[in-house]
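The values are calculated or read from the model by the stated rules, or taken from the named source; none is laboratory data. Just so it is clear, the model here is predicted, and its values are computed rather than measured. Glycine gets a Cβ as well: all are built from the backbone with ideal geometry, and neighbour counts include every protein chain shown. Just so you know, the surface numbers come from the protein's heavy atoms only, side chains and all, with ligands and any DNA or RNA stripped out. Shrake-Rupley method; radii C 1.70, N 1.55, O 1.52, S 1.80 Å.
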Amino acid sequence: MTQDERKGIVYAGVAYSLWGILALFWKQLNHISAGEILANRIFWSFWFMLLVLIIGRQLPSLFANLKQIRRHPKTFIALGVASILISINWFLFIWAVNMNMLVETSLGYYINPLVSVLLGVIVLKEKLSAIQVASFFLALGGVLIMTITYGQFPWVSFGLALSFGVYGLVKKLIKVDSSIGLVLETLVIMPVAFIYLMIQMFDGTGSLFSGSLVTDGLLMVSGVVTAVPLLYFAKGVQKIPLYLMGFMQYIAPTLMLFLGVFLYGEPFGTVRIIAFSFIWTALALFTLSTVNWSSRKKNKQLGKMG
């Protein structure tokens, strides 16, 4: 393993670990509506990421991308769609955490890789191996068990998985540096967030700058806690193979699950254990098949070089 790959593993580990424990931060704001937290998260993320670009001397690249977007309206539309999708994902996550639904939230991020696979097959016409097809149906079995037993569809889990899965698909179509991409995405939706915050401030219903320095600080820091994991993720994904990145992404929902069960006392009875076991088995099979495929591809490339 090269030094770059070791660094990549550390960066990815930090990113997914931060995402896994992010619920601890949002729990400190559970006295505020999810909509207001989301507006602050978008608003302050934009300004923090803009500061990152200024420090990193990337403003010329940002302006160059803005000029390119003006010439290509489809890119602007794609950015708008990405902004809406990530906003939906952020809203659902914040709402679910503050409604004590961390276990269901973790299920969403366990399902997400399989949703991405399904989108790849339907939209990008990608091919699946027999093991990957079996993985998909195993995961579907787990979701059906939860749905039938509880009498309701786990819409929060699927909302999170679908919004982030489609967001990833849209991002594949936008060829922009990750830091600049986040600035552009938040820029598209930021005016709406700003207007929302201004309306709340003027009618006296907002929590920002309403007298609590702790709340003000947490709301402003929400931009930092949003952007930092994304920056570490961007560094990690450049240095390690995608299959390894995919394997490491299970750190986040596992930490969410542990927090929900052991720290916040959310129920995790026999039915959920069985349902999650189906999904965990599916993910194990899927990951192993991906690793084997990557190894075969690498060996073929080495054989050609030899």
Ellipticity estimate at 222 nm from DSSP helix runs (n ≥ 4, -39,500 (n - 2.57)) divided over the chain, nearest 500: -28500 deg cm²/dmol
Residue of Glu126, Glu36, Glu266 that the Gaussian network model of the chain assigns the largest fluctuation, springs spanning Cα pairs under 10 Å: Glu126
Taking only Cα atoms of the chain, radius of gyration then Dmax in Å: 20.3, 72
Percent breakdown of C-alpha pair distances by 5 Å bin, ordered from the shortest bin, for the stretch 187-253: 3, 13, 15, 18, 13, 10, 11, 9, 6, 2, 0
Exposure rank, largest accessible area first [His72, His31; 1.4 Å]: His31, His72
Projected area, mean over directions - the stretch 79-157, Cα convex hull, nm²: 6.1
Kirkwood Rh and Cα Rg combined as Rg over Rh, evaluated for the stretch 110-239: 1.08
The chain: most fluctuating residue of Ala39, Ala284, Ala139 per GNM, C-alpha cutoff 10 Å: Ala284
Apportionment of accessible area to carbon and sulfur, the chain, percent (1.4 Å): 70
Largest to smallest accessible area among Ile84, Ile55, Ile111 [probe 1.4 Å]: Ile55, Ile84, Ile111
Accessible area (Å², 1.4 Å probe, nearest 10) - Tyr11: 50
Estimated distance in nm for a label pair at Val121 and Leu51, the labels positioned 7 Å out from Cα along Cα-to-Cβ: 4.5
In the stretch 73-130, trypsin sites (Lys or Arg not before Pro) in a DSSP loop with at most 11 other beta-carbon atoms within 10 Å: Lys125, Lys127
Solvent-accessible surface (1.4 angstrom probe) belonging to Arg6, in square angstrom, nearest 10: 130
Two-site label geometry, Lys175 and Ala234: point separation in nm, points 7 Å out along Cα→Cβ: 1.8
Rounded FRET efficiency, nearest 0.05, which uses the C-beta distance separating Val261 from Phe137 and R0 of 25 Å: 0.40
Spatial separation of Cα centroids for the stretch 173-236 and the stretch 68-132, in angstrom: 19
Thr270-His31 FRET efficiency (beta carbon distance; Förster radius 41 Å; 0.05 resolution): 0.75
Solvent exposure, largest accessible area first (probe 1.4 Å, DNA, RNA and ligands not counted), of Trp155, Trp90: Trp155, Trp90
Met99 - accessible surface, heavy atoms, 1.4 Å probe, Å² rounded to 10: 100
Accessible surface, per residue, of the stretch 105-197 when the full set of protein chains is kept, probe 1.4 Å, Å²: 47
Restraint check, Lys171/Lys239; Lys27/Lys172; Lys172/Lys239; Lys7/Lys127, Cα-Cα greater than 22 Å: Lys27/Lys172; Lys7/Lys127
Difference of contour (0.36 nm per residue) and Cα-Cα distance, Trp155 to Val214: 17.9 nm
